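Trainee: Sending over a structure as structure tokens; questions will come in a sec.
No lab work stands behind these numbers, since they all come straight from the coordinates. Bear in mind the structure is a predicted one, so any value in this text is a computation, not a measurement. Every residue, glycine among them, receives a Cβ derived from its backbone with ideal geometry; neighbour counts consider all protein chains shown.
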Amino acid sequence: MSENILEIKDLYVQYSAGKDTVRAVNGITLSLEKGESLGLVGETGAGKTTTALSIMGLIPNPPGKITGGEILYRGENLREKSEKEMRKIRGHEISMIFQDPMTALNPMLTVGDQIAEVIRLHQNVTKAEAFQRAKEMMEVVGIEGGRANEYPHQFSGGMKQRIVIAIALACNPSLLIADEPTTALDVTIQAQVLELIEQLKRKYDTSLLLITHDLGVVAEVCNKVAIIYAGEIVEYGTLAHIYKNPSHPYTIGLFGSIPNLNETVTRLKPIPGLMPDPTKLPEGCAFAERCGEACEKCMKGAVPYIEIEPGHMVRCTKFAGKEN
Amino acid sequence: MAAIKNKKQAVNASSNEVAVGGHGQAKEIIGRFMRNKAAVFGLVIVAFLLIAAMFPQLFTKYDPIAQDLRARFLPPSSEHLFGTDEYGRDIFSRVIYGCRTSMEIGLVTVAISCVVGVVIGAVAGFYSGVTDNVLMRFIDILMAIPNTLLGISIVAALGSTIPNLIIALSIGSIAGYARVTRVSVLSTKGTEYVEAAYSTGASDARIIFKYILPNCLAPIIVQATMSIATTIMSATGLSFLGLGVPPPTPEWGSMASSARAYIRDYWWLVTFPGLAIMTAAFSFNLFGDGLRDALDPKLKT
């Protein structure tokens, strides 16, 4: 059994907005083994980015606050670390790629300096060595090292994202969090960037937490998938479990919203309605209102989280009593 | 077919060159500045004033404080370009040497107040909350006191020397820098690259100095150039009131002040220092205006 790089246990995160409390993450539990990649899929506002920021210890406080649970990195609880210890972990052990490469780079520093900066922060090297390493990193992500002295605005979006990846991987982290790394890119560049992430992940044996709302991206890169809805994981399993046997009505709905190449479908079936207001989450199942199979049981009480086949978990009353 | 291919390659090559070519942003800013004729005019005069301040002996053969009582009140002539004053001193030479005093006061004051103001503004903007409130209320107090009045009281208390004058003027203009810096720090703080910098494990100080402040520079530079003019005006104003530079050091304000008794009979005594003050303030303002438009084209209306 390989070791768990990351383990999140029963994580709760809240934001206070005036009188209301936004319950962004409600008891998320997941784990990530070394070299594994986990896709975190959900719609806007489901709590994906909040989960990622919690791991980095970057939840803006106030208004945000982690109210419960544990985040274990190599068995150590990150919530108990001091700010100084966290600074050593960020960028060195755990790195993050942001959604929009256009705005994720400092416009006043050359890209080489920006990569060298992370290296110098975490490794005891001279300025010149760090810059040399930065150039090598640029070559690794497929950009000529000679362009290290240029500014971000001289690169295209896809190239900027490669630079961002180079910054994230410069110190060879054990865990890479990619927060919608391809959303801001066009489809052809998306494929290239995904391939690059995949390839580098294998090369450096990095674990990957991929946050996205695109099931196609997940299929390409991940071995495990967690479907997240209103701050809860509603279905969790391997790629095969989720794609061959989607079981939660929400997951089924997500697949129904994607066009299928093999069948002639004149209309896609979107999931009706909107996500519940996170300040007033309903009692019982958060998805019940939009669910075609909802019954009385769904409206009240906690929804059971059931293992329907080994390693395949579903949070739905539909499967109550059908445990494997 | 081959021709088309070649053409394509040529196009690719040229677009690469454009992308590779040096510091595009700086070039663009300089280009925008150079197209603004008034600003270039301002820059030329500013440059001239700076040269005059550094090497006054290049422009005049007279000692600005040497008295020649036989040559009192001479009108402008080829010998004395701007004429002579009540002690027979050459006015042209005094105006040129006065440049040095004014530039010294202007630049040192701006440097001091800029550093102090920017640090206060950056800390207030970055840490927000209580820190922000305390610092900005302190700045509000400074803003509530009229600058000249503040200058007069400080110089009156400490004595009228150039260093004291600089201290007085610096304290008066800290508030402007603090406000300008705070606002741009607030807007830069929320950008994704600052968040990304946190995710690489950078400390607060590093984020402020490497990520936030460089991106706030444009308004601060503009504020600095504009306030050189104001500072020169305030300094000459205080000197005019007898609170600035002590005689016999040549200074435009004190020259105008001592010459005003003779304004009916000898117009050149008061006119030339006055013109010098006007030209200096005017050219720094033109330069500052042009710089603002060049650095931030969005501001232009």
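Trainee: Using a simple spin-label model with points 7 Å from Cα along the Cα→Cβ vector, what separation in nm is obtained for B:R137 and B:Y87?
Mentor: If labels sit at B:R137 and B:Y87, their model points lie 5.1 nm apart.
Trainee: Dipole of the protein assembly as shown (Lys/Arg Cβ +1, Asp/Glu Cβ -1, origin at the Cα centre): which of B:L269, B:P146, A:L194 lies farthest to the positive side?
Mentor: The one lying farthest along the dipole's positive direction is B:L269.
Trainee: Could you work out how far helix B:147-158 tilts from the main Cα principal axis of chain B, as a 0 to 90 degree angle to the nearest 10?
Mentor: The answer is roughly 60 degrees.
Trainee: At q = 0.10 Å⁻¹, what base-10 log of I(q)/I(0) does the Debye formula yield for the protein assembly as shown when every alpha carbon is treated as an equal point scatterer in vacuo?
Mentor: -0.98
Trainee: Continuing with the same structure: Where is the GNM fluctuation largest for chain B (alpha-carbon springs, 10 angstrom cutoff): B:S160, B:S173, B:S254?
Mentor: Among B:S160, B:S173, B:S254, the largest GNM mean-square fluctuation belongs to B:S160.
Trainee: Cut-off is 10 Å between beta-carbons; in what order do B:W252, B:W267 appear when sorted fewest neighbours first?
Mentor: On the way: B:W252 28, B:W267 14.
Listed from fewest to most nearby Cβ atoms, that is B:W267, B:W252.
Trainee: Oh, and also: Can you tell me how much longer the chain between A:E198 and A:D10 gets when fully stretched, taken as 0.36 nm per residue apart minus their C-alpha distance, in nm with one decimal? Display every interim value, and only then the final one.
Mentor: Values: separation 188, 0.36 × 188 = 67.68 nm, distance 2.87 nm.
Computed gain between A:E198 and A:D10 is 64.8 nm.
Trainee: So how strong a dipole does the protein assembly as shown carry about its Cα centre when Lys and Arg Cβ are +1 and Asp and Glu Cβ are -1, to the nearest 20 debye? All intermediate terms of the calculation are to be shown ahead of the outcome.
Mentor: Values: 58 positive and 59 negative charges, 225 e Å.
About 1080 debye.
Trainee: If you don't mind, there's one more thing I want to ask. Based on the alpha carbons, how large is the Rg to Rh ratio for segment A:12-104 when Rh follows Kirkwood? The partial results should precede the final answer.
Mentor: Details: Rg = 13.9 Å, Rh = 14.6 Å.
For segment A:12-104, the value is 0.95.
Trainee: Distances over 21 Å make up what percent of all Cα-Cα pairs in segment A:227-324? Present the calculation step by step, with values, prior to reporting the outcome.
Mentor: Numbers: 1654 of 4753 pairs.
The proportion of pairs with Cα distances above 21 Å equals 35 percent.
Trainee: While we're on this one: Let's test the formula: R0 of 30 Å, r as the Cβ-Cβ distance of A:E80 and A:K300. What FRET efficiency results, to the nearest 0.05? Don't jump to the answer; show the numbers that get you there.
Mentor: Values: r = 36 Å, r/R0 = 1.20.
E between A:E80 and A:K300, to the nearest 0.05, is 0.25.
Trainee: How large is ³J(HN,Hα), in whole Hz, for each residue of segment B:126-134 in order, when computed from phi with the Karplus curve 6.51 cos²θ - 1.76 cosθ + 1.60 and θ = phi - 60°, using x for Gly and Pro?
Mentor: 6, 8, 6, x, 4, 3, 4, 4, 4
Trainee: If you don't mind, there's one more thing I want to ask. For segment A:36-133, what is the charge dipole size about the Cα centre, in debye to the nearest 20, if Lys and Arg each add +1 at the Cβ and Asp and Glu each add -1 at the Cβ? Display every interim value, and only then the final one.
Mentor: Numbers: 12 positive and 12 negative charges, 50 e Å.
With Lys and Arg at +1 and Asp and Glu at -1, about 240 debye.
Trainee: Obtain the nm distance between the two label points defined at B:L69 and A:D205 by a simple spin-label model: each point lies 7 Å from its Cα along the Cα-to-C-beta direction.
Mentor: 9.7 nm
Trainee: Also, I was wondering about something else. Name the shape class, rounded, prolate or oblate, that the alpha-carbon gyration tensor gives for chain B, where a ≥ b ≥ c are the square roots of its eigenvalues, rounded holds for a/c under 1.5, and otherwise prolate holds if a/b is larger than b/c and oblate otherwise. All intermediate terms of the calculation are to be shown ahead of the outcome.
Mentor: On the way: a/c = 3.40, a/b = 1.52, b/c = 2.24.
Verdict is oblate for chain B.
Trainee: Still on this structure: If I fit a long axis through the Cα atoms of helix B:2-20 and take the longest principal axis of the Cα atoms of chain B, what angle between them do I get, 0 to 90°, rounded to 10?
Mentor: Between helix and principal axis, roughly 50 degrees.
Trainee: Would you kindly derive the ³J(HN,Hα) couplings of segment A:176-193 from the backbone phi angles with the Karplus curve 6.51 cos²θ - 1.76 cosθ + 1.60 (θ = phi - 60°), listing them in order in whole Hz, with x for Gly and Pro?
Mentor: Once θ is set to phi - 60°, the couplings for segment A:176-193 become 10, 9, 10, 8, 6, x, 10, 4, 8, 10, 7, 4, 5, 5, 3, 4, 4, 5 Hz.
Trainee: Taking the Cβ of A:Q14 as the centre, find all other residues whose Cβ is under 15 Å away and add up their charges (Lys, Arg: +1; Asp, Glu: -1). Kindly include the intermediate steps, with their values, before the conclusion.
Mentor: On the way: positive: A:K19, A:R23, A:K65, A:R79, A:K280; negative: A:D10, A:D20, A:E232, A:D277.
Summing Lys/Arg as +1 and Asp/Glu as -1 gives +1.
Trainee: With +1 on each Lys and Arg Cβ and -1 on each Asp and Glu Cβ, and nothing else charged, work out how big the dipole of segment A:190-249 is about its Cα centre, in Debye to the nearest 20. Don't skip to the end; give the middle numbers.
Mentor: On the way: 5 positive and 7 negative charges, 36 e Å.
Its charge dipole is roughly 180 debye.
Trainee: For segment B:53-146, compute Rh as the Kirkwood radius over C-alpha pairs and then the Stokes-Einstein diffusion coefficient at 10 °C and 1.306 mPa s; write the answer in µm²/s, rounded to an integer. Could the numbers behind the result be given before it?
Mentor: Details: Rh = 16.8 Å.
Roughly 95 µm²/s, to the nearest whole number.
Trainee: If you restrict to DSSP beta bridges whose two residues both lie in chain A, what percentage is antiparallel, to the nearest 5? If you can, show how the numbers build up before the last one.
Mentor: Working: 33 of 52 bridges.
Antiparallel bridges make up about 65 percent of those DSSP assigns within chain A.
Trainee: Exposure proxy check: A:T266, A:T317 ranked by fewest other beta carbons within 10 Å? Write out the running numbers ahead of the final one.
Mentor: Values: A:T266 4, A:T317 22.
In increasing order of surrounding Cβ atoms, one gets A:T266, A:T317.
Trainee: Expressed as an acute angle from 0 to 90° and rounded to the nearest 10, what is the orientation of the C-alpha long axis of helix A:157-169 relative to the principal long axis of chain A?
Mentor: On a 0 to 90 degree scale, this one is about 90.
Trainee: So how compact is segment B:20-86: Cα radius of gyration and Dmax in angstrom?
Mentor: 20.3, 68
Trainee: Would you work out which of A:L78, A:G142, A:G91 lies farthest towards the positive end of the dipole of segment A:73-150? Charges go on Cβ: Lys and Arg +1, Asp and Glu -1.
Mentor: The residue sitting farthest along the positive end of the dipole is A:L78.
Trainee: Just the number, please: Stokes-Einstein D of segment B:144-236 in µm²/s, Kirkwood Rh from C-alpha pairs, 37 °C, 0.692 mPa s. Walk me through the intermediate numbers first.
Mentor: Numbers: Rh = 15.3 Å.
Approximately 215 µm²/s, per Stokes-Einstein.
Trainee: Same structure again: Across bins of 10 angstrom width beginning at 0, how are the C-alpha pair distances of chain A distributed, in whole percent?
Mentor: Once binned at 10 Å, the Cα pair distances of chain A give 6, 24, 32, 24, 11, 3, 0.
Trainee: Report the residues of segment B:88-102 in range of a label on B:L58: point 7 Å along Cα→C-beta, backbone N strictly under 20 Å from it.
Mentor: Inside the label zone: B:92-102.
Trainee: Follow-up question, since we're still on this one. With the cut-off at 24 Å, report for segment A:81-228 the share of all Cα pairs above it, as a whole percent.
Mentor: Numbers: 3090 of 10878 pairs.
So the portion of pairs separated by more than 24 Å is 28 percent.
Trainee: With a Förster radius of 41 Å, plug the Cβ-Cβ distance of B:F282 and A:D186 into 1/(1 + (r/R0)^6) and report the FRET value to the nearest 0.05. Write out the running numbers ahead of the final one.
Mentor: Values: r = 52 Å, r/R0 = 1.26.
About 0.20, to the nearest 0.05.
Trainee: Once you've got the GNM for chain B with C-alpha springs shorter than 10 Å, pick whichever of B:A66, B:A122, B:A235 has the biggest mean-square fluctuation.
Mentor: The residue that fluctuates most here is B:A66.
Trainee: Name the most mobile residue of B:G237, B:G253, B:G129, meaning the one with the largest mean-square fluctuation, in a Gaussian network model of chain B with Cα contacts below 10 Å.
Mentor: B:G129
Trainee: Would you be so kind as to identify which of B:P163, A:H122, B:I232 lies farthest towards the positive end of the dipole of the protein assembly as shown, taking Lys and Arg as +1 and Asp and Glu as -1 on Cβ and the Cα centre as origin?
Mentor: Positive-most Cα among the choices belongs to B:I232.
Trainee: Turning to a different aspect of this structure: Given a Förster distance of 30 Å, report the FRET efficiency between A:S257 and A:L72 from their Cβ-Cβ distance, rounded to the nearest 0.05. Don't skip to the answer; put the middle values down first.
Mentor: Working: r = 34 Å, r/R0 = 1.15.
FRET efficiency, A:S257 to A:L72: 0.30.
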